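Following: one structure in structure tokens, then a few remarks.
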Amino acid sequence: MEVVLGPFGMQSPHPYRRSHADMYEDLITTAQKAEEFGYDGIALTEHSFWYDGYCPSLQPTLASVAQHTSRIKLVTGALLLPQHDPLKVAEEAAVLDRLSHGRLVLGLGVGYRPEEFHGHGVEIGRMGARFLEAYEVVRRALTQETFSYEGEFYQYHNVSLKTRPWQQEIPMWVCAGFTEWSIKAAARRGWSYCTTGDMDGGGAIFQRYDEFAESFGHPPEKLKRALFRDVFVMPTQEEADIIMEQDYWAAMNDQFFGFGFLREKNPDGSQMTEVPPPMKEMMLNNRLARPRGTPAMVREHLAPILDWNIDMLIARMNWANFTLERGLRSAEVFARDVMPMLRQTTVEKQTFEGPAQ
Amino acid sequence: MRVGISYDIQTTADWEAILSDIEAADTLGYDSFWVSESRENGSACSVPALFLTSAARRTRNIQLRIGGRTVVIHSAIRLAEEVAVLDLFSRGRAGIAFATSGAQSTVPGHVHETIEFVRSAWSADEIRYRGEHLRFPSHTSDDAPLGVSFPEWQGDYIPQWEWGPAMPDFLAITPKPYATAPPTYVDISEDTTLEWAANHGVSPFIGADMTTDRAVERMQQYRAVADAAGRSRYEVEAVLERRMGIGSESDDCTLGGSAHDLVCALREITSKASIAHFVWRRGNTEDGDLTQFAVDVHPLLQA
């Protein structure tokens, strides 16, 4: 299993304002440390028009990371594809892949914030259908010397990307949550699937993915699976809990409302701005989906995923309110005390079952 | 006077050699490095912003300029975002020059609207834009004012994180660039764009393929229009790209001869056309000696 650190969004939220230039510099430091700690990749996340300066431009940002690292993979997790021109995404991917000597991994998501769709001039109502077409356009542009595509949203006739990527086939992932349509759509096409998991962490999602794939004639063992998992490691559980409550939650609470996840109103009709207690409890203390605490506790709660045949784990342990030092500390302890369990099992499985295909 | 370099990147397959040259140019005191958008062949770079962002943290001082940017293929909003990221990575060294409308089969108004939009998006907070070629956000109605407009005070302020699901009439491009607004240039080969740029304080750019005499004439026309419009010289930076070579032959588009000849030619053009920034157009990384030019020509331009 490959372990990727991230995703990073270079946010400067109101409880912890910082210089964006400093944050982009910190990203380079983090990427270099991730490489030193033994991670397989670093991931970035994007949004547009969010007040805290959330990074909107992943591939150019990764181009700078590429120049200051030599081994780790450069992962978009996720680039919100329907809000982009797919041909531009492919052009950028080819140039970035070439500049990084074949280290790009393209995680592509759908997006959900109405402001972003309106700002980028894309109809939000058909975003799923648009995503599927755009994904196929990117795939063809990067793998075929000349391609054509005739869809509802995109039409291309004998188009060639002059700059060719370094890799023969840049790894591409459908980055989605747990909706039935996205699992089914990816399985139908044999596309790799990356999920944020659900209340149980994601095992049921991969099971559905496999069932769908089988029904569409794709052998599940040939498909790739990736998982986003919120993790955070501190020497004591108490330390982890305090950081989550004070720093993680402040940023998450804003995004819950600002991103439009929660639509509840107060009795006077105004927008509710505090997450209901049960949901907060679930976000903070669902250990299965979000293991945060001592290394032993995180290992225990990550252990089940070893049976899910996951190819890539994106360990999400940096949040908008975290200092560079805090994020790196957790990343280092995770690499030292948790990653060996993930690695060791991979080796054991390879020994037992033969090399992974 | 500033001196930069640009590459005909499509003839140089080795991108790493170009990145090394940017570092060398930075060390030698060159002021700018320009990469043009091109899709001519496999060596060309279709996304110069990405290429330059990769160079941002390998250099300290050199300005990183996107050249020949088209507006028809890609979104103006994405353009504003990607230049902002380049500017942040380089701590204020990003800039962009737009191609003529003729080079991209559109009308001049399309280029002008894009420039107006990105400059507004970088320097202001929430904005709305209604043009013939661009609407931001996309649901902006026909009764919105033409061009850029700003929200009126509604008597209360609700921060974005308390909006909930919303479809606001005004949006902010974030993050903002490091500089208030990265320098913006436009190719003034076309009369309509020359007039528009001179009237709106957009810096003029002339590329290496126009003859030197014609380039001087165009820059003089630009200045005359700008003067008539009451625009000051300090508002803009006139950029002229030339092929140059110490010891090489001069022609209509190339400045050659000895280092002294080159300096005299550059000084003459400056006095005639108010050029503030020369860009040495290099065919490839072997085309002329960066160090020799920096040692023999730079000091005489600065003196």
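The values are calculated or read from the model by the stated rules, or taken from the named source; none is laboratory data. Values in this document were obtained by computation on a predicted structure and should not be read as measured data. FYI the Cβ positions are ideal-geometry reconstructions off the backbone, even for glycines, and counts take in every protein chain you see. All accessible areas refer to the heavy atoms of the entire protein, side chains included, with ligands and DNA or RNA removed. Shrake-Rupley method; radii C 1.70, N 1.55, O 1.52, S 1.80 Å.
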Original post:
Taking the Cβ-Cβ separation of B:Lys272 and B:Ala103 as r and a Förster radius of 35 Å, what is the calculated FRET efficiency to the nearest 0.05?
Top reply: 0.85
Original post:
Excluding ligands, DNA and RNA, what is the solvent-accessible area per residue of segment B:1-80 at a probe of 1.4 Å, expressed in Å²?
Top reply: 29
**OP:** Only residues of segment B:133-172 count here: report those whose backbone N is under 15 Å from the spot 7 Å along Cα→Cβ of A:Lys265, or say none.
**Re:** B:163-167
**OP:** Give A:Lys88/A:Lys162; A:Lys73/A:Lys224; A:Lys184/A:Lys222; A:Lys88/A:Lys224; A:Lys33/A:Lys73; A:Lys184/A:Lys224 a once-over and call out the pairs whose C-alpha atoms are over 23 Å from each other.
**Re:** A:Lys88/A:Lys224
Subject >> Buried area at the B-A interface (accessible, heavy atoms, 1.4 Å probe, summed, Å²) >> reply: 4400
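Rounded to the nearest 0.05, what FRET efficiency do B:Ala17 and A:Arg126 give with R0 = 30 Å and r taken as the Cβ-Cβ distance? Could you check?
Working: r = 45 Å, r/R0 = 1.51.
E between B:Ala17 and A:Arg126, to the nearest 0.05, is 0.10.
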Original post:
So how strong a dipole does the protein assembly as shown carry about its Cα centre when Lys and Arg Cβ are +1 and Asp and Glu Cβ are -1, to the nearest 20 debye?
Top reply: 600
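Dipole size in debye (nearest 20) for chain B around its Cα centre, Lys and Arg Cβ +1, Asp and Glu Cβ -1? Intermediate values should be presented prior to the final figure.
On the way: 26 positive and 43 negative charges, 102 e Å.
Around 480 debye, computed over chain B.
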Subject >> Cα gyration tensor shape of segment A:1-138, rounded if a/c is under 1.5, else prolate or oblate by comparing a/b with b/c >> reply: oblate
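Kindly sort B:Glu268, A:Glu325 by accessible area of their heavy atoms, largest first, with the probe set to 1.4 Å.
Working: B:Glu268 95, A:Glu325 125 Å².
Listed by decreasing accessible area, they come as A:Glu325, B:Glu268.
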Original post:
Around B:Ile5, which amide H atoms from residues at least 5 apart in sequence, or from another chain, sit under 5 Å from its own amide H, with H modelled in the peptide plane?
Top reply: B:Ser32, B:Phe33, B:Trp34, B:Trp280
Original post:
So how far apart, in nm, are the two label points at B:Ser258 and B:Asp209 if each is 7 Å from Cα heading toward Cβ?
Top reply: 3.5
Original post:
Residue farthest toward the positive end of the dipole of segment A:100-251, with Cβ of Lys/Arg at +1 and Asp/Glu at -1: which of A:Gly197, A:Asn158, A:His118?
Top reply: A:Asn158
Original post:
Excluding ligands and nucleic acids, what accessible area in Å² is computed for B:Arg242 using a 1.4 Å probe, to the nearest 10?
Top reply: 0
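Suppose every Lys and Arg Cβ carries +1 and every Asp and Glu Cβ carries -1, with no other charges. What dipole size does chain A come out with about its Cα centre, to the nearest 20 debye? Mind showing how you got there, number by number?
Values: 36 positive and 48 negative charges, 126 e Å.
Dipole about the Cα centre, nearest 20: 600 debye.
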Subject >> 5 angstrom amide H check on A:Trp173, placed H, neighbours 5+ away >> reply: A:Leu106, A:Gly107, A:Leu108
Original post:
Which residues does a label at B:Ser123 reach in segment B:221-255, if reach means a backbone N under 15 Å from a point 7 Å past the Cα toward the Cβ?
Top reply: B:231-237
**OP:** Measure out, as a whole number of angstrom, how far apart the alpha-carbon centroids of segment A:237-302 and segment B:60-110 sit.
**Re:** 40
**OP:** May I have the extent of the alpha carbons of segment A:117-252 along their three principal axes, as whole Å values ordered from largest to smallest?
**Re:** 60, 39, 35
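Based on the alpha-carbon gyration tensor of chain A and its eigenvalue square roots a ≥ b ≥ c, which shape applies: rounded if a/c is under 1.5, prolate if not and a/b is larger than b/c, or oblate? Intermediate values should be presented prior to the final figure.
Values: a/c = 1.35, a/b = 1.16, b/c = 1.16.
Rounded, because the longest to shortest axis ratio a/c is under 1.5.
Could you tell me what percent of the accessible area of segment B:68-213 is made up of carbon and sulfur, with a 1.4 Å probe and every protein chain present?
On the way: 2800 of 5650 Å².
The computed percentage sits at 50.
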Subject >> Sites B:Leu300 and B:Ala224, calculated FRET efficiency, Cβ-Cβ separation with R0 41 Å, nearest 0.05 >> reply: 0.90
**OP:** Rank A:Phe212, A:Ala90, B:Thr212 by how far each Cα sits towards the positive end of the charge dipole of the protein assembly as shown (+1 on Lys, Arg Cβ; -1 on Asp, Glu Cβ) and give me just the farthest.
**Re:** A:Phe212
Subject >> Cα→Cβ-extended label distance, 7 Å offset, between B:Val72 and A:Asn285, nm >> reply: 6.2
**OP:** Keeping all protein chains in position, work out how much accessible area B:Lys272 exposes to a 1.4 Å probe, and write it in Å² to the nearest 10.
**Re:** 100
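Can you pull out the chymotrypsin sites (Phe, Trp or Tyr not before Pro) in segment B:117-185 whose DSSP state is coil and whose Cβ has at most 13 other Cβ atoms within 10 Å?
Numbers: sites: B:Phe117, B:Trp122, B:Tyr129, B:Trp153, B:Tyr157, B:Trp161, B:Trp163, B:Phe170, B:Tyr178, B:Tyr185; in loops: B:Trp153, B:Tyr157, B:Trp163, B:Phe170, B:Tyr178.
Those satisfying the criteria are B:Trp153, B:Tyr157.
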